[in-house]
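A short write-up of the structure that comes next.
The values are calculated or read from the model by the stated rules, or taken from the named source; none is laboratory data. Owing to the predicted nature of the structure, the values given are computational and were not obtained by experimental measurement. Heads up, the Cβs are rebuilt from the backbone with ideal geometry, glycines too, and the neighbour counts pull from every protein chain shown. Please note that ligands, DNA and RNA were not included when accessible areas were found on the heavy atoms of the full protein model with its side chains. Shrake-Rupley method; radii C 1.70, N 1.55, O 1.52, S 1.80 Å.
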There are 4 protein chains.
Amino acid sequence: MAKLQELSPALIPQKLIGPIRIIAEEFSDEVMVPLATFETPLWPSTARGARVTYLAGGITATLVRDKMSRSILLQAPDARRAKFAIGDINENKKLLETVVTSSSRFANLLNIHSELIANLIYLRLEYSTGDAAGHNMATLASEKIVNWILENYDFLNYVSLSANYCTDKKVSAINGILGRGKHVITEVVIPRKLCSRYLKTTPEKIVDLNIKKNLLGTNLAGGIRTANAHFANILLAVYLATGQDAANIVEGSQGIVHTEMKNDDLYFSATLPNIIVGSVGNGKEVEFVKQNLNQLNCNDIDNTGKNAHRLAIIAACAVLCGELSLLAALTNPGELMKAHTRMER
Amino acid sequence: MAKLQELSPALIPQKLIGPIRIIAEEFSDEVMVPLATFETPLWPSTARGARVTYLAGGITATLVRDKMSRSILLQAPDARRAKFAIGDINENKKLLETVVTSSSRFANLLNIHSELIANLIYLRLEYSTGDAAGHNMATLASEKIVNWILENYDFLNYVSLSANYCTDKKVSAINGILGRGKHVITEVVIPRKLCSRYLKTTPEKIVDLNIKKNLLGTNLAGGIRTANAHFANILLAVYLATGQDAANIVEGSQGIVHTEMKNDDLYFSATLPNIIVGSVGNGKEVEFVKQNLNQLNCNDIDNTGKNAHRLAIIAACAVLCGELSLLAALTNPGELMKAHTRMER
Amino acid sequence: MAKLQELSPALIPQKLIGPIRIIAEEFSDEVMVPLATFETPLWPSTARGARVTYLAGGITATLVRDKMSRSILLQAPDARRAKFAIGDINENKKLLETVVTSSSRFANLLNIHSELIANLIYLRLEYSTGDAAGHNMATLASEKIVNWILENYDFLNYVSLSANYCTDKKVSAINGILGRGKHVITEVVIPRKLCSRYLKTTPEKIVDLNIKKNLLGTNLAGGIRTANAHFANILLAVYLATGQDAANIVEGSQGIVHTEMKNDDLYFSATLPNIIVGSVGNGKEVEFVKQNLNQLNCNDIDNTGKNAHRLAIIAACAVLCGELSLLAALTNPGELMKAHTRMER
Amino acid sequence: MAKLQELSPALIPQKLIGPIRIIAEEFSDEVMVPLATFETPLWPSTARGARVTYLAGGITATLVRDKMSRSILLQAPDARRAKFAIGDINENKKLLETVVTSSSRFANLLNIHSELIANLIYLRLEYSTGDAAGHNMATLASEKIVNWILENYDFLNYVSLSANYCTDKKVSAINGILGRGKHVITEVVIPRKLCSRYLKTTPEKIVDLNIKKNLLGTNLAGGIRTANAHFANILLAVYLATGQDAANIVEGSQGIVHTEMKNDDLYFSATLPNIIVGSVGNGKEVEFVKQNLNQLNCNDIDNTGKNAHRLAIIAACAVLCGELSLLAALTNPGELMKAHTRMER
């Protein structure tokens, strides 16, 4: 019975868009961002956003948080013993930190968050993982922790090394609230004139649309911790171009656009609490990925630990550009389809 | 100022896994499924799932529903006139059907779902779109409907051609409840012996894990309409291999695993209410995509309208294989990491 | 072993607040609304909202929808037969309507919404129930339908007469999207001068607060289909004063405040998609309830079927008053606590 | 213009049900629980649950966590300064603890959880509040903290003293994940014989129903962090009988039933992460409330700080009784309606 058969690689069309001008604590730079996608209208649309933010002086980016998590699941005979175990495990946190360090040079245990339902213990273990996205590092470290726990609490039973309380590639509220991946905020102030000239709209129209579509519309649709038009599109294109575990756009899609009038101009921001990227690990050895990471200057061995931050910031800035451009287009009835049909000819 | 620069295509590694044996109303077949992904452990894991379901007699697949939606947003001076407009628009549904038909040979207006908040009208327009995933067809048809409405109700103002009540590439409850894309259910009964021999586990352990991880764990994580371990991974790999608008894995990830004991064996099912795929449209003209669609026999011009159904069913069956294999692995402490580290060497 | 022991009734403090001036399609009136609550600061706060809306010309109320639902749960041997059964049940809808009519003079089957997960059939049966809130009427009618289905589809098994897909007194997205209870929208335009004089704030401040607290804050908290400050408080007070099944404030709490500038004034609206009230049924025979319903003119036997509508509209208007007043207070640092401490002395 | 008019109190029917036998770390006791409700079938149904758990040896209760929270909202000129402020505020936590202590004898600042979206700072302040539910204590303490922050960071602007990130009387994921109120777990093992004799069902049927109704059905309905049949009903009845701020059943309703087979018997648990009750504060001075709290022995001045714990545990145990009884009834087609119609005659 056949099982696995080699195929030539899938060839996803790519273009570089930009320059995007970025002002961050970590660096200030102008970058050309590779977007790999079948949805070719994304290119000119994101490029339009890049251009207008460039002319506005660039995008300010702030990295707020960085961690990777894995949740493990254990069962006690009853809630009372489960509660005792959680308390005791927390008291042994220092020891568990060394257990983690022994599993990898780069992983560090940051925090243990627990939840107790019936006699079931959900432990969400949070790590720093250097330049790696950290899925495997977190799983490996968590396996060591599971083993330590099972050895030390003989009344606990193993249920799972991954309990959907992490949570990976699934919709949740927990990732945003407790953090998973890199939390990046991007901001720009677009003068009214640039809005009019390049986006064919006004600051007021974009503010109004963001409230009624991204906030209210998502609320009515039963969305959860999300308010944006199409973060997922640009995030996927960056992830594919840079060799990421791209199914993480599921949680990546859960981000927030906030806009308001700033005097007469447009304050426009995109907050992405769950960017999951690495500059090392699975996929990074592929040739075109290396080229893209090099071109983005995200492969600097003298700067270990900061490459993934730079990449997350770049991805977030590209997302802002794509979002700004689409929202502007939607304020103009007819423009959206014109753009699409023009591109696809 | 540079804007767009050509790049060689991104090369995503692909393998064919299978054969997956599928029994559906539409067809019965054995297929080899291409998975394009950087996450190479997905290949042997999904292949293991394929093998055990093959030996169990194959996967039964049921396509329940197929539609594409776009929501438009209009504003009335007050709720009373908004309510009147909704009533009147619904009475003109037949007329709107012809408006849609004039926009495309393949689009048909199936249903109008409305929601009224304050004086804001959210209209979710639902279409059938033939073999296309239907994003653009639905947008184009909705634009015609917006124009018709604005001409006929002069007290309504345009707000947006897309109102996040659709909803595309965002987390929601509405897509599952009202339908968007293809709703496919896959089922298999795995005899206890096969569980033991190929999955190194028991039916009881998988049933138990599904409850505590997929149902309870997701619930605690604040998930919404989702209960699975990693639907997104396999769905993305199939989408990329077949030229889909792959950011639709966001809603694709919102699916449900249900398992129970069936006598002494394992009933295992994966329900995917939001598979969004097409055999025509953006991306399908790329050479490797054509080859993959041909190999899957999803390019049959004598069977127009059914190619996308076939593709959705195949994708769902691959998802079941991947899910079954990962859940089985998680019931065995240690197996998961062994598999990963073996693969990545 | 003791089981049940009579107690004197619980005495919940009540006050009448108002007059609230209401302009609805169904009636225009000024009403004094009884609020039963231990939270005494609710009285002056809601009264302040009533006064300012009164001076602004009254609250416009629009009733959009009215239904009660119950979901039943059946299981087929596999998804294919489940799909067949759903199709066939829908084709027999006319017959089921007569089954329902036979169960009650007042219940009518409006719609059947189905969802199929694995081999499980969730049928959400929607009814009109006259002046009753309709819980029992819907359950009784659904029981008849269950029996009819089990008699006619021998391959289906009973799982539950209530499947949380209804859903009663639980958080959901489905109730808002498909409707359960009475969907009422209330609107008022508050002139800037009244904002300043009675609410000590400006229209702009309330609009801004609503976006950042009710929309964004709720989104971040992982709320679902809800954006308000304290609908639940006022709704509970009205429900208790009028003999309702008051745990229905759980879904009642899931409503939306939308505000925007209207020229220089404040457009303020509260949308409550899930008000569940009746003027007949459990609790309505209690003496103080009768008095309150009479005082509200919601006991008009010449107007059967409209009493519950009137009551829902009144409840929604009271909610708007309470919401407006609290939001105004929150725009003034310090006012909230002053009010509370003043009251509680 | 009339504003507020006294009314005689609302008279909600009450009965004592029980005895409920409770085994907790804090105490072991048998209690009769007052339930105030218009829904009279709740009494015999909950009493049935009490009886069977009594015969099974009683309910084990575990209190896991106790806190009250209030979120404040501030705005910085940009995300970078917002990030700085959050960091600096956290470094001043010790000082803020003294600010809180000065506001009340009973309030203590436990934790500060922050979230940064655009330039908006959501600070969720968590407190212990002794025997009070703590709404006002938390608000008062948070007002002091707001003032301190505004004095010390002149670049921050006040937005709101309450930002829906708390969150009070609204649906959320955050309350369960981070904690608000008292998190109580109740467990009981019901021997098969008692299931059969008093509940007319089997352990297997209840386990099966819980999965398909409470877990799957809620998931499909778009529920969030909730899996139960009617926690809200019993919780409301206890809250009303004991003078609580009863709109807190909104978050109280978000709890989880977990059941599984334990050998041949039924392990049944109800986890309520958000019970919000106090034995002092608003409403507790009312005469019947005092009587009820005394009868429950929740007014022990020698045991300050523990009265509210005892009350939360009692409420949770009553909830388990009600839940068990209703789920059992639902496994028997027909029983539910018989019970209702019998009662209501």
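Tabulated data
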{"read-out": "Tally, over region C:164-205, of residues that are closer than 30 Å to D:ASN210 by Cβ and in contact (Cβ under 8 Å) with a residue 60 or more places away in the chain", "value": "15"}
{"read-out": "Test: residue in region C:144-151 that is part of a helix (DSSP H, G or I), touching a helix residue (DSSP H, G or I) at 6+ places or on another chain (Cβ under 9 Å), farther than 19 Å from B:HIS113 by Cβ and open to solvent by less than 10 Å² (accessible area, probe 1.4 Å)", "value": "yes"}
{"read-out": "Considering residues of region C:93-104 that are over 25 Å from D:LEU220 (Cα atoms) and either of a type outside the set (D, E, K, R) or within 14 Å of chain B (Cβ to nearest Cβ) (or both) only, the residue surrounded by the fewest Cβ atoms within 10 Å (Cβ to Cβ)", "value": "C:THR98"}
{"read-out": "Some residue of region A:105-115 being open to solvent by less than 10 Å² (accessible area, probe 1.4 Å) and under 21 Å from B:ALA227 (Cβ atoms)", "value": "yes"}
{"read-out": "Flag for C:ASN90 being touching a residue at least 40 places away in the same chain (Cβ under 8 Å) and among the polar types (S, T, N, Q)", "value": "no"}
{"read-out": "Those residues of region C:60-69 which are away from every other protein chain (no Cβ under 11 Å) and either touching a helix residue (DSSP H, G or I) at 6+ places or on another chain (Cβ under 8 Å) or hydroxyl-bearing (Ser, Thr, Tyr) (or both), in sequence order", "value": "C:ASP66, C:MET68"}
{"read-out": "Meets criteria (assigned to a loop (DSSP other than H, G, I, E, B) and either open to solvent by less than 10 Å² (accessible area, probe 1.4 Å) or among the β-branched types (Val, Ile, Thr) (or both)) for C:THR139", "value": "no"}
{"read-out": "Of the criteria (1) out of contact with any strand residue (DSSP E or B) (no Cβ under 7 Å at 6 or more places or on another chain); (2) of a type in the set (S, T, N, Q); (3) open to solvent by 40 Å² or more (accessible area, probe 1.4 Å), which one C:SER28 fails", "value": "(1)"}
{"read-out": "Any chance B:THR304 is at pLDDT below 95 and either surrounded by 24 or more Cβ atoms within 10 Å (Cβ to Cβ) or more than 16 Å from the chain's Cα centre (by Cα) (or both)", "value": "yes"}
{"read-out": "Pairs, first closer than 30 Å to B:LEU320 by Cα and within 11 Å of chain B (Cβ to nearest Cβ) in region C:105-123, second among the hydrophobic types (A, V, I, L, M, F, W, C) and open to solvent by 30 Å² or more (accessible area, probe 1.4 Å), C-beta under 8 Å, six or more apart", "value": "C:LEU116/B:VAL64"}
{"read-out": "Among (1) more than 30 Å from A:LEU240 (Cβ to Cβ); (2) within 11 Å of another protein chain (Cβ to nearest Cβ); (3) open to solvent by less than 10 Å² (accessible area, probe 1.4 Å) - the single one B:ILE17 does not satisfy", "value": "(1)"}
{"read-out": "Hits in region A:86-103 - residues which are within 17 Å of A:LYS144 (Cβ to Cβ) and β-branched (Val, Ile, Thr)", "value": "A:ILE89, A:THR98, A:VAL99, A:VAL100, A:THR101"}
{"read-out": "Unmet criterion (only one of (1) within 27 Å of the chain's Cα centre (by Cα); (2) not assigned by TED's automatic domain parsing to the domain that holds C:VAL277) for C:ILE185", "value": "(2)"}
{"read-out": "Failed item, numbered, when C:LEU330 is tested on (1) within 14 Å of C:ALA24 (Cβ to Cβ); (2) within 9 Å of chain D (Cβ to nearest Cβ)", "value": "(1)"}
{"read-out": "Test result for D:GLY283, within 14 Å of chain C (Cβ to nearest Cβ), modelled with pLDDT under 95 and open to solvent by less than 10 Å² (accessible area, probe 1.4 Å)", "value": "yes"}
{"read-out": "Residues located in region B:253-271, provided they are under 13 Å from the mean Cα position of the chain (by Cα) and more than 9 Å from chain A (Cβ to nearest Cβ)", "value": "B:GLY255, B:ILE256, B:ALA270, B:THR271"}
{"read-out": "Top-ranked residue in region B:156-171 [being in contact with a Lys or Arg (Cβ under 7 Å, 6 or more places away or on another chain), open to solvent by less than 10 Å² (accessible area, probe 1.4 Å) and hydrophobic (A, V, I, L, M, F, W, C); ranked as nearest to A:ALA227 (Cα to Cα)]", "value": "B:ALA163"}
{"read-out": "Complete set of residues in region B:65-85 that are surrounded by fewer than 21 Cβ atoms within 10 Å (Cβ to Cβ) and touching an Asp or Glu at 6+ places or on another chain (Cβ under 9 Å)", "value": "B:LYS67, B:ASP78, B:ARG80"}
{"read-out": "Some residue of region A:218-234 being more than 23 Å from the chain's Cα centre (by Cα) and buried (at least 19 other Cβ atoms within 10 Å of the Cβ)", "value": "yes"}
{"read-out": "Within region B:166-187, tally of residues that are among the basic types (Lys, Arg) and at the interface with chain A (Cβ under 9 Å from one of its Cβ atoms)", "value": "2"}
{"read-out": "D:LYS193 under 28 Å from the mean Cα position of the chain (by Cα) and basic (Lys, Arg)", "value": "no"}
{"read-out": "Where D:SER196 falls short, out of the listed (1) away from chain C (no Cβ under 14 Å); (2) open to solvent by less than 10 Å² (accessible area, probe 1.4 Å); (3) farther than 19 Å from D:THR271 by Cβ", "value": "(2)"}
{"read-out": "Search result, residues across region A:70-92 that are closer than 19 Å to D:LEU63 by Cα and facing another protein chain (nearest Cβ under 9 Å)", "value": "A:GLN75, A:ASP78, A:ALA79, A:ARG80, A:ALA82, A:LYS83, A:ILE86"}
